[in-house]
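First comes the structure, then the notes that go with it.
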Amino acid sequence: MKYNVLAILVAMNLLVSMVACNSGPGSSATAQAARNPGTEQAVADAIDVYIYGYSLVTMDMTRRQMTNVATPDGGHAPMGQLVRMRTYPPPEYHAVTAPNADTLYTMSWLDVSTEPWILSVPDMGDRYYLLPMLSGWTDVFQVPGKRTTGDKAAKYAITGPNWSGTLPAGVTEYKSPTGLVWILGRIYCTGTPDDYNKVHALQDKFSLVPLSSYGKPYTPPADTVDPNFDMKTAVRDQVDAMSLNDYFSYLARLLKTNPPAAADAPMVEKMKALGLEPGKDFDPSKLAALDQQSLQGVPKQAQAKIMAYFGQAGKSLNGWAYFTKTGLYGTDYLDRAFITAVGLGANRPQDAIYPTSQKDADGQDYNGASKNYVIHFDKGQMPPVNGFWSITMYDKDYFFVPNSLNRYTLSARNKFVTNADGSVDLYLQADSPGKAKEANWLPAPKAQFIPMMRLYWPKETPPSIIDGTWKPPAITVAK
């Protein structure tokens, strides 16, 4: 959650240009590698392997930071225990960028390498929810929820890649390709006190136990807190600061319980040549004979390549940028690494798409101090979803904007004032557009701001944002 595309986009161009200055064709490391063909190939392969492993290393570092507590709190819980987030973040909450004002999270980190875990889900009634289960490589390998499995009570056994055995009756097996699993559940909530209570009652009915304790009284064992682990520095910054040897050593440890897929065979061969063999510790001697100055530049070069991928991956329509290839990556390791860097925990596009806009229709930064803005939806052209949609207002740093209405989003749950022809105008501005239009007002700061649209369970038949037959309308300066 701390790796959101919104926050990264702000600094992306600066980051890429800074890194490029240190790792471009004229850099001493690259020049040295050019004089040594063996090192040159090793550097190229090491960059590929670094990118390949980026999602797994980042996932595990995130797990460590989110589970390094003795008991569950608002956003952390020990391994195998559920985090039940009870409210939307308040506007002063700045720990996580681009906070959500649509759903409450219910999540957990699991180690299924030695034993399956059983997740029990209550009857959700007509409540929209989804429970994406991510492998260590960030692929959403299963996503029970209203779209896929319906709303009835269910029990799921999440099993590891090498597990075989018998499960209790009535339990559906979901086999994870890795030992590491992140359940990142979301439950729709309107944010009213009454609806908070209703969602809390549902959250309290979720349960998670190891198979060996299923059907028995279960108390999670006490967990040990690592006082030396950095709980303040952003995970991405910690990963990016690793030396190549430290990074490869970490990756090697993770590969023991999070094996490569069969389709990764060519990459596995590259890893072996660099001293990385799945199931074994990293062998640094393979790199020791090569030019160390050249190898030291690999992390920065790989990071630059990951971040530069934005220009290839994102779609841009009417000033909105968004991604439709998330959650399932196959052998597109660069795409996977990029989404890991900027949007860890991304859903499959069939579950959610997040268009984000940084410029108005004239290509200018949004500025609530001097301009008012309008989003115009023609009749019948509101965002086409089976779940819900919303538009959230963020300041330039991607945090909620405090305002007199305590309103941070406009969404399908609002009752809008329509125009005579059935169209709808939504107003993004600092001051009220007047009582008659206030129902359509999304308060903005008197400064730069960023609007973000969320489409949960977008329609897959026209009109659809997935195939481009529906396009988010441009945001224009009010006349």
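The values are calculated or read from the model by the stated rules, or taken from the named source; none is laboratory data. All figures in this text were calculated on a predicted structure; none of them were measured in a lab. All Cβ positions, glycine included, derive from the backbone under ideal geometry; neighbour counts span all protein chains shown. The protein model used for the area step is the full one, side chains on, heavy atoms only, and it has no ligands, DNA or RNA in it. Shrake-Rupley method; radii C 1.70, N 1.55, O 1.52, S 1.80 Å.
Taken together, the residues in the range 47-82 that are more than 17 Å from the chain's Cα centre (by Cα) and not in a helix (DSSP H, G or I) amount to 13. Within the span defined as the range 444-459, one or more residues are under 28 Å from the mean Cα position of the chain (by Cα) and of a type in the set (Ser, Thr, Tyr).
Could you tell me which of the residues 44, 77 is at pLDDT 50 or above and crowded, with 19+ Cβ neighbours inside 10 Å? Checking each option against the conditions leaves just 77.
A quick yes/no check of all residues on (1) more than 25 Å from residue 177 (Cβ to Cβ); (2) open to solvent by 10 Å² or more (accessible area, probe 1.4 Å); (3) of a type outside the set (Lys, Arg):
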| site | (1), (2), (3) |
| --- | --- |
| 330 | no, yes, yes |
| 334 | no, yes, yes |
| 342 | no, no, yes |
| 346 | no, yes, yes |
| 351 | no, no, yes |
| 355 | yes, no, yes |
| 361 | yes, yes, yes |
| 366 | yes, no, yes |
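Report, ordered by the first and then the second residue, all pairs with beta carbons closer than 8 Å, sequence separation of six or more or different chains, a first member in the range 411-431 that is within 10 Å of residue 379 (Cβ to Cβ), and a second member that is among the aromatic types (Phe, Trp, Tyr). Correct list of pairs: 423/377; 424/377; 424/416. Annotation for the range 381-395: at least one member residue is buried (at least 18 other Cβ atoms within 10 Å of the Cβ), within 30 Å of residue 306 (Cβ to Cβ) and in contact with a helix residue (DSSP H, G or I) (Cβ under 8 Å, 6 or more places away or on another chain).
Cβ-Cβ distances below 9 Å connect the following pairs, each with a first residue in the range 49-77 that is within 25 Å of residue 263 (Cβ to Cβ) and charged (D, E, K, R), a second residue that is open to solvent by 10 Å² or more (accessible area, probe 1.4 Å) and in a loop (DSSP other than H, G, I, E, B), and a separation of six or more residues or different chains: 63/79. If you go through the range 206-233 and keep only what is among the β-branched types (Val, Ile, Thr) and under 21 Å from residue 84 (Cα atoms), you end up with 209, 219, 224, 225. Which one is farthest from residue 55 (Cα to Cα) among residues in the range 295-313 that are open to solvent by less than 60 Å² (accessible area, probe 1.4 Å) and among the polar types (S, T, N, Q)? Checked the range 295-313; the qualifying residue farthest from residue 55 (Cα to Cα) is 301.
I want to confirm something. Restricting to the range 237-283 and keeping residues that are among the basic types (Lys, Arg) and over 25 Å from the mean Cα position of the chain (by Cα), which single residue is most open to solvent (accessible area, probe 1.4 Å)? Across the range 237-283, the extreme among qualifying residues is 280.
With a requirement of 3 or more residues that are modelled with pLDDT of 95 or more, open to solvent by 50 Å² or more (accessible area, probe 1.4 Å) and touching a strand residue (DSSP E or B) at 6+ places or on another chain (Cβ under 7 Å), the strands (runs of 3 or more DSSP E) lying completely within the range 119-236 that satisfy it span 172-175. Kindly indicate whether residue 466 is part of a strand (DSSP E or B) and β-branched (Val, Ile, Thr). Spelling it out, it is not the case that residue 466 is part of a strand (DSSP E or B) and β-branched (Val, Ile, Thr).
For the range 314-328, filtered to residues that are open to solvent by 30 Å² or more (accessible area, probe 1.4 Å) and aliphatic (A, V, I, L, M), the residue that is modelled with the highest pLDDT is 328.
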